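Okay, so here's the structure we're looking at.
The values are calculated or read from the model by the stated rules, or taken from the named source; none is laboratory data. In this text the structure is predicted, and so the values were computed from the model without any measurement. Heavy atoms of the whole protein, side chains included, go into the accessibility calculation; ligands, DNA and RNA do not. Shrake-Rupley method; radii C 1.70, N 1.55, O 1.52, S 1.80 Å.
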Amino acid sequence: MSPHAPPTSDAPTPIVPDADVARAAVRGDEPAVTELVRRHGQPAWRLATAVSAGPDHAIAAVADGYVRALRDLRRRSHGPDQLRTLILAGVYGASLDQVRRQRGAAPDPVGSDHPVQSAFLSLPERWRAALWLSEVEHVDGQRLAAVLGVPPAMAE
(Lines give C-alpha, C1' and ligand atoms only; values in the text may rest on other atoms or scores of the structure.)
Protein backbone atom coordinates (compact mmCIF):
# COMPACT_ATOMS: atom_id res chain seq x y z
CA MET A 1 0.00 0.00 0.00
CA SER A 2 1.26 3.46 -0.86
CA PRO A 3 2.27 5.74 2.00
CA HIS A 4 0.05 8.37 0.33
CA ALA A 5 -3.12 6.25 0.55
CA PRO A 6 -5.91 7.32 2.87
CA PRO A 7 -6.33 5.19 6.00
CA THR A 8 -8.51 2.14 5.83
CA SER A 9 -10.91 0.87 8.42
CA ASP A 10 -12.08 -2.57 9.43
CA ALA A 11 -15.26 -1.03 10.83
CA PRO A 12 -18.51 -2.91 10.23
CA THR A 13 -20.93 -1.85 7.53
CA PRO A 14 -22.19 1.66 8.31
CA ILE A 15 -25.55 1.98 10.01
CA VAL A 16 -26.23 5.53 8.83
CA PRO A 17 -27.00 5.58 5.08
CA ASP A 18 -24.62 7.46 2.77
CA ALA A 19 -27.41 9.85 1.79
CA ASP A 20 -27.83 11.00 5.41
CA VAL A 21 -24.08 11.37 5.93
CA ALA A 22 -23.82 13.30 2.64
CA ARG A 23 -26.57 15.71 3.69
CA ALA A 24 -24.72 16.38 6.95
CA ALA A 25 -21.44 16.88 5.06
CA VAL A 26 -23.08 19.40 2.74
CA ARG A 27 -24.19 21.35 5.84
CA GLY A 28 -20.53 21.53 6.91
CA ASP A 29 -20.48 18.73 9.50
CA GLU A 30 -16.75 17.82 9.63
CA PRO A 31 -17.28 14.34 11.17
CA ALA A 32 -19.65 13.58 8.29
CA VAL A 33 -16.99 14.58 5.75
CA THR A 34 -14.50 12.36 7.59
CA GLU A 35 -16.99 9.49 7.45
CA LEU A 36 -17.47 9.96 3.69
CA VAL A 37 -13.71 9.78 3.20
CA ARG A 38 -13.58 6.64 5.34
CA ARG A 39 -16.34 5.02 3.30
CA HIS A 40 -15.31 6.06 -0.20
CA GLY A 41 -11.64 7.04 0.09
CA GLN A 42 -10.09 3.81 -1.15
CA PRO A 43 -11.92 3.61 -4.51
CA ALA A 44 -11.34 7.35 -5.02
CA TRP A 45 -7.64 6.95 -4.23
CA ARG A 46 -7.23 3.93 -6.51
CA LEU A 47 -8.89 5.76 -9.42
CA ALA A 48 -6.77 8.87 -8.85
CA THR A 49 -3.55 6.87 -8.81
CA ALA A 50 -4.59 5.05 -11.99
CA VAL A 51 -5.29 8.27 -13.89
CA SER A 52 -3.15 11.00 -12.28
CA ALA A 53 0.44 11.94 -13.02
CA GLY A 54 1.78 10.70 -9.68
CA PRO A 55 0.97 10.35 -5.97
CA ASP A 56 1.01 14.08 -5.17
CA HIS A 57 -1.40 14.73 -8.02
CA ALA A 58 -3.57 11.83 -6.88
CA ILE A 59 -3.87 13.30 -3.37
CA ALA A 60 -4.99 16.63 -4.81
CA ALA A 61 -7.41 14.90 -7.21
CA VAL A 62 -9.08 12.99 -4.38
CA ALA A 63 -9.50 16.15 -2.31
CA ASP A 64 -10.86 18.04 -5.30
CA GLY A 65 -13.16 15.13 -6.18
CA TYR A 66 -14.81 15.32 -2.77
CA VAL A 67 -15.17 19.11 -3.09
CA ARG A 68 -16.79 18.70 -6.51
CA ALA A 69 -19.17 15.99 -5.26
CA LEU A 70 -20.28 18.01 -2.23
CA ARG A 71 -20.69 21.12 -4.40
CA ASP A 72 -22.96 19.16 -6.77
CA LEU A 73 -25.00 17.93 -3.81
CA ARG A 74 -25.23 21.44 -2.38
CA ARG A 75 -26.54 22.71 -5.74
CA ARG A 76 -28.92 19.73 -5.75
CA SER A 77 -27.92 18.87 -9.28
CA HIS A 78 -27.70 15.25 -8.07
CA GLY A 79 -29.19 13.25 -5.26
CA PRO A 80 -27.15 11.97 -2.30
CA ASP A 81 -27.95 8.41 -3.39
CA GLN A 82 -25.47 8.97 -6.24
CA LEU A 83 -22.66 9.90 -3.87
CA ARG A 84 -19.97 7.37 -4.85
CA THR A 85 -20.58 8.07 -8.54
CA LEU A 86 -20.27 11.82 -7.86
CA ILE A 87 -17.05 11.35 -5.92
CA LEU A 88 -15.50 9.13 -8.60
CA ALA A 89 -16.61 11.54 -11.33
CA GLY A 90 -15.07 14.43 -9.39
CA VAL A 91 -11.81 12.53 -8.86
CA TYR A 92 -11.70 11.57 -12.53
CA GLY A 93 -12.35 15.16 -13.63
CA ALA A 94 -9.73 16.55 -11.25
CA SER A 95 -7.21 13.93 -12.39
CA LEU A 96 -7.80 14.82 -16.04
CA ASP A 97 -7.47 18.53 -15.29
CA GLN A 98 -4.09 17.89 -13.68
CA VAL A 99 -2.90 15.65 -16.51
CA ARG A 100 -3.89 18.32 -19.03
CA ARG A 101 -1.96 20.95 -17.07
CA GLN A 102 1.03 18.61 -16.93
CA ARG A 103 1.03 17.66 -20.63
CA GLY A 104 4.48 16.57 -21.54
CA ALA A 105 5.29 15.39 -18.01
CA ALA A 106 5.21 11.61 -17.81
CA PRO A 107 3.26 9.89 -15.02
CA ASP A 108 5.22 8.88 -11.93
CA PRO A 109 5.03 5.10 -12.33
CA VAL A 110 6.33 3.06 -9.43
CA GLY A 111 8.02 -0.02 -10.82
CA SER A 112 7.24 0.89 -14.43
CA ASP A 113 9.62 -1.83 -15.55
CA HIS A 114 6.66 -4.21 -15.24
CA PRO A 115 5.22 -4.67 -18.76
CA VAL A 116 1.56 -4.74 -17.68
CA GLN A 117 1.92 -1.54 -15.69
CA SER A 118 3.81 0.12 -18.54
CA ALA A 119 1.09 -0.89 -20.98
CA PHE A 120 -1.61 0.40 -18.63
CA LEU A 121 0.17 3.74 -18.15
CA SER A 122 0.60 4.11 -21.92
CA LEU A 123 -3.19 4.17 -22.41
CA PRO A 124 -5.04 7.50 -22.70
CA GLU A 125 -6.44 8.72 -19.37
CA ARG A 126 -10.07 7.91 -20.24
CA TRP A 127 -9.18 4.35 -21.22
CA ARG A 128 -7.18 3.89 -18.02
CA ALA A 129 -10.13 5.15 -15.98
CA ALA A 130 -12.62 2.97 -17.86
CA LEU A 131 -10.45 -0.12 -17.55
CA TRP A 132 -9.71 0.50 -13.88
CA LEU A 133 -13.31 1.21 -12.92
CA SER A 134 -14.81 -1.68 -14.86
CA GLU A 135 -12.24 -4.40 -14.15
CA VAL A 136 -10.83 -3.48 -10.74
CA GLU A 137 -13.64 -1.56 -9.05
CA HIS A 138 -16.40 -3.55 -10.84
CA VAL A 139 -18.41 -0.41 -11.64
CA ASP A 140 -21.42 -1.23 -13.84
CA GLY A 141 -21.88 0.33 -17.28
CA GLN A 142 -24.41 2.97 -16.25
CA ARG A 143 -22.29 4.24 -13.33
CA LEU A 144 -19.16 4.04 -15.49
CA ALA A 145 -20.82 6.26 -18.09
CA ALA A 146 -21.79 8.76 -15.38
CA VAL A 147 -18.23 8.88 -14.00
CA LEU A 148 -16.65 9.30 -17.44
CA GLY A 149 -19.31 11.73 -18.66
CA VAL A 150 -20.27 9.67 -21.70
CA PRO A 151 -23.62 8.31 -22.94
CA PRO A 152 -24.52 4.97 -21.27
CA ALA A 153 -24.33 3.12 -24.61
CA MET A 154 -20.61 3.94 -24.84
CA ALA A 155 -19.90 2.26 -21.51
CA GLU A 156 -21.63 -1.04 -22.20
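The slack in the chain from residue 127 to residue 29, taken as 0.36 nm per residue of separation less the alpha-carbon distance, amounts to 31.7 nm. The residues of the range 26-70 have, on average, 41 Å² of accessible surface per residue, using a 1.4 Å probe with all protein chains present.
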